[in-house]
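In what follows, a single structure is set out as structure tokens and then discussed.
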Amino acid sequence: MAVEETAPVGAEDASLQDAWERVRRRLRAELGEDVFSSWFARLEIAGIVGGIAYLTVPTRFLKSWLEAHYAERLRVNCIAELPAPKGVLLSVRQASRDTTPAPLAEAVMRSRPASSTTPVPAEAAKPGAATAQSGEPELVDVCGTTLDRRMSFQNFVVGKSNQLSFAAAERIAAAPAGQSPYNPLYLHAGVGLGKTHLLQAIAQEARRLGKRVAYFTADRFMYGFVAALKSQTALAFKEKLRGIDLLVVDDVQFIQGKSIQQEFGHTINALLDAGKQIVVAGDRLAGELEALDERIRSRLGGGLVVEVGELDEALRAKILATRLEALQSAHPNFQVSPDVVAYVARVVATNGRDLDGAANRLLAHATLSGQFVTLETAEAAIRDLVRTREPRRVKIEDIQKLVATRYNVSRADILSERRTAAVVKPRQIAMYLSKALTPRSLPEIGRRFGGRDHTTVLHAVRKIEKAISEDRSLHEEVDLLKRMLQE
Ligand code: ADP
Ligand code: MG
């Protein structure tokens, strides 16, 4: 296979699909059917740009897992079969309904009418051409992200913890272009509390009202931008972005890479300066988005900042009931009594995502057993969801494996007596993480690291603590490892 950098190849390309099939066959042969079907079955190729193969998976967890455990194998096999000498980049694709990523050219910029699948012609790459005067409401969807119709304002259940964010979202969606009451809007909250739901609702409602909307997840933004850069349509991409009324960016904490961050910053600045509406969501306060430029952080933090709070029990019950109703419209025989709803809402106390999970479990249980859902069957069906409510137990072995993969050493190296710098640093990080993330004592950790003394562990913990406080990139690195382990 040619290893030259060539023009971008989209997922629809038949020879790419053949080559991808060969990659899959290799992986299956090397790893065995079990491993393959657990981790690789849902891996898809979105295209190749600039010698990098863009692969996608449906969940963040899968992405972290593949990166932690199979990065090298994936890279080697992709390089062997694909015109991707620079390796692979994994990202999380949009939720289940969007299983086939849009072809590359379209992913970069898709314009209405939605039925037209013709990529934007090269002409449009000229600055200015993006605002073509076709009379059509162009640019409905800059990045080709498909929005989930269920994530609407109508389906959003309002309670104490989210009423402020809901009200702000509704007003922004309804305000005439250029006359937004709050700009930018920055929403922040932990996982599963409704950020994405609100963002998608804003985007859909604004679009319904005829506004030009671009909706990105951080992954999509990076992907769209990189693709545009490589196919030399970056200028057009930026022009397109500047032609919109509303930019929505979800999970902004995942924007990474220096040039992308800069571009993201320019884009936000340019749009805000032009009076365009920006809505951004993240998992932390704007000021804590370490990856972003100080100016952007303060611009995001300087608009309306709303935290979406934890869901209380009443709110959980309502959300669950709404969910179950939706499932019932497709499965008329599926009945759940109010007792069961109340019970599940009480014990699944985490977030909306787990409530979705619980609703699906109940349905699966009812369908498989052919019986009504009783309190008892409900308890059995959601037992493991309730268990995951406790903070995830991290195992020392997992820490060692993950850290080893991250630093390109083997787990045996970490446990060994070797004292070369290449091994010492990951070993100390792994010890530090073991202390930070597990309830194990220092002597126990020492034993699990090849029978070391507890003072060695203590030394490692102190050393890494100090290094982290002095070195920001190490801090981020360790933080990422922590998050991956706890996810
Ligand atoms: P986040 O983006 O904050 O992680 P999501 O918006 O993806 O969370 O929410 C997770 C799930 O919970 C989604 O299915 C969403 O529709 C649902 N959900 C969260 N909050 C609400 C709410 N207030 N009303 C209805 N559904 C909700
Ligand atoms: Mg989200």
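Derivation of every value follows stated rules applied to the coordinates shown; laboratory data play no part. Treat the numbers as computed from the prediction; the structure is a model and nothing was measured. Glycine also receives a Cβ, built like all others from the backbone with ideal geometry; neighbour counts cover every protein chain displayed.
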Rounded to the angstrom and largest first, Cα extents along the principal axes for region 229-345 equal 55, 31, 27
Restricting to lysines and to Cα separations under 20 Å from Lys395, and discarding same-chain partners fewer than 8 apart, the set is Lys63, Lys425, Lys435, Lys482
Between Thr217 and residues 5 or more places away or on another chain, the pairs with built amide H atoms under 5 Å apart involve Asp250
For the pair Thr367 and Ala41, the simple spin-label estimate (label points 7 Å beyond Cα toward Cβ) gives in nm 1.5
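Could you give the dipole magnitude of the chain about its Cα centre, charging the beta-carbon of Lys and Arg +1 and that of Asp and Glu -1, in debye to the nearest 20?
With Lys and Arg at +1 and Asp and Glu at -1, about 880 debye.
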Classified through the alpha carbon gyration tensor (a ≥ b ≥ c as square roots of its eigenvalues; rounded if a/c is under 1.5, else prolate when a/b is larger than b/c, else oblate), region 223-287 comes out oblate
So for R0 = 22 Å, FRET eff. of Leu480-Leu285 from the Cβ-Cβ r, to 0.05, ends up at 0.75
Once phi for every residue in region 458-465 is put through the Karplus expression 6.51 cos²θ - 1.76 cosθ + 1.60 (θ = phi - 60°), the whole-Hz ³J(HN,Hα) values, with Gly and Pro written as x, are 4, 4, 4, 4, 4, 4, 5, 4
Phi angles of region 158-170, converted by Karplus (6.51 cos²θ - 1.76 cosθ + 1.60, θ = phi - 60°) into ³J(HN,Hα) in whole Hz with x for Gly and Pro, give 9, x, 4, 6, 10, 5, 5, 5, 5, 4, 5, 4, 4
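If r is the Cβ-Cβ distance from Arg149 to Gln328 and R0 is 25 Å, what FRET efficiency results, to the nearest 0.05?
On the way: r = 18 Å, r/R0 = 0.71.
For Arg149 and Gln328, the calculated efficiency is 0.90.
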Log entry: pair-distance distribution for region 163-307, C-alpha pairs binned every 5 Å from zero, whole % per bin is 2, 10, 21, 25, 22, 14, 5, 1, 0
One would report the antiparallel percent of DSSP beta bridges in the chain, rounded to the nearest 5, as 25
Karplus-derived 3J(HN,Hα) from phi for region 411-424 (6.51 cos²θ - 1.76 cosθ + 1.60, θ = phi - 60°), whole Hz, x at Gly and Pro, runs 5, 4, 4, 5, 7, 6, 8, 4, 10, 6, 4, 4, 9, 4
Zone reached by a paramagnetic label modelled 7 Å from Arg393 Cα along Cα→Cβ, restricted to region 438-465 with backbone N below 12 Å, covers 439-440
Spelling it out for Ser91: with amide H atoms placed in the peptide plane at 1.01 Å from N, the residues 5 or more places away or on another chain with amide H under 5 Å from its amide H are Leu55, Thr56, Val57
Note: Thr374 to Val158 extended length (0.36 nm per residue) minus current alpha-carbon separation gives 75.0 nm
Toy charge model, Lys and Arg Cβ at +1, Asp and Glu Cβ at -1: region 236-293 dipole around Cα centroid in debye, rounded to 20, equals 240
A correct fewest-to-most ranking of Val248, Val57, Val424 by other Cβ atoms within 10 Å would be Val424, Val57, Val248
Here, Arg346 and Glu294, labelled 7 Å along Cα→Cβ, have an inter-label distance in nm of 5.2
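In the P(r) worked out for the chain, what percent of Cα pairs fall beyond 34 Å? Mind showing how you got there, number by number?
Details: 52521 of 118341 pairs.
It works out to 44 percent of all Cα pairs.
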